[in-house]
1. What is the spin-label model distance, in nm, from ASP167 to ASN10 if the labels are put 7 Å beyond Cα along the C-beta direction?
2. Probe of 1.4 angstrom, ligands and nucleic acids ignored: what's the accessible area per residue over the chain, in square angstrom?
3. For the chain, give the percent of accessible area contributed by carbon and sulfur heavy atoms, probe 1.4 Å, rounded to a whole number.
4. Sorted from largest to smallest, which semi-axis lengths in Å does the alpha carbon gyration tensor of the range 43-164 give for its equivalent ellipsoid, taking the root of 5 times each eigenvalue?
5. What do the square roots of 5 times the Cα gyration tensor eigenvalues come to for the range 131-220, in whole Å, largest first, as semi-axes of the equivalent ellipsoid?
6. Can you work out D for the chain in µm² s⁻¹ from Stokes-Einstein, where Rh is the Kirkwood radius over C-alpha pairs, the temperature is 20 °C and the viscosity is 1.002 mPa s?
7. Return the calculated 222 nm mean residue ellipticity for the chain, to the nearest 500 deg cm²/dmol, obtained by summing -39500 (n - 2.57) across DSSP H runs with n ≥ 4 and dividing by the residue count.
8. Under a point spin-label approximation (7 Å from Cα along Cα-to-Cβ), what is the VAL2-MET114 distance to one decimal in nm?
Amino acid sequence: MVYLTENYNNIQKRILATCQRCDRKPEEITLLGVTKTIDEKIVNASIGLGIANIGENKPQEIKRKYDLIDKDVKWHMIGHLQSNKVKMILDKVSLIHSLDRLSLLNEIEKRAKMTEQTVEALIQVNIGDEFQKSGIASDALETLIEAVSKCRYIRVKGLMCIAPYFDNPEDVRPFFKKMKNIFDTVRKIEYNNVKMQILSMGMSHDFEIAIEEGATLIRVGTGLYGARNY
Ligand SMILES: *Cc1c(COP(=O)(O)O)cnc(C)c1O
């Protein structure tokens, strides 16, 4: 799988170059491999190359692939999460990126209580106010965070966004800037169960801009694994 090694090296090189350009440390950036539709053998090969975190957007896929994938990897739930699917993934994922509403928070809290586990999550913000995208509106974020602070089993570690798509990735910069601003604002306030450490933003075509604007975790699918066959 020569192409995989080449893609992996290419992404790593670009992360490094971007960090140098904006005076950040490459260790601050987590590269999440987005493995949706990708065959288990290829996912395992990427773990062999150094991918330590993988993300899927469907609970059913996490469940199906879980035992086929190398155990030395952390799983991330990055897609819209229906409340009735929470129980399917709670014992498998290290981080849920898509906490975006009170009903989901309540379901996670309820399920986590049953199994006595703490659950780490990011709050997904609909930073472009796009009606077709999940994520909480930025002006409703505080209410959700206050609800989190009253929970027992959930720990919010940061924020995530899926930015609007532009042909020219430079156009997305204002949205990443806005996310970083919200992130920094929340970070300065002390809430129980909330610690702003992870800013999950940037995908294959805009991760360099995201790093420049403060991302600590980038989610890369096609850039690593090639085009997806649905
Ligand atoms: C598919 C997906 C990605 C990766 O997208 P690419 O453009 O293939 O890098 C990142 N984040 C989420 C939430 C996704 O669903």
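1. Label at ASP167, label at ASN10, 2.1 nm between them.
2. In whole numbers, the chain has 50 Å² accessible per residue.
3. The nonpolar share, carbon plus sulfur, comes to 49 percent.
4. Over the Cα atoms of the range 43-164, the ellipsoid semi-axes are 24, 18, 12 Å.
5. 25, 13, 11
6. 119 µm²/s
7. Value at 222 nm, helices only, nearest 500: -11500 deg cm²/dmol.
8. 5.1 nm
The values are calculated or read from the model by the stated rules, or taken from the named source; none is laboratory data. Bear in mind the structure is a predicted one, so any value in this text is a computation, not a measurement. As a convention, Cβ positions derive from the backbone with ideal geometry for all residues, glycine included, and neighbour counts pool all protein chains shown. Remember, those area values only see protein heavy atoms, side chains included, never the ligands or the DNA or RNA. Shrake-Rupley method; radii C 1.70, N 1.55, O 1.52, S 1.80 Å.
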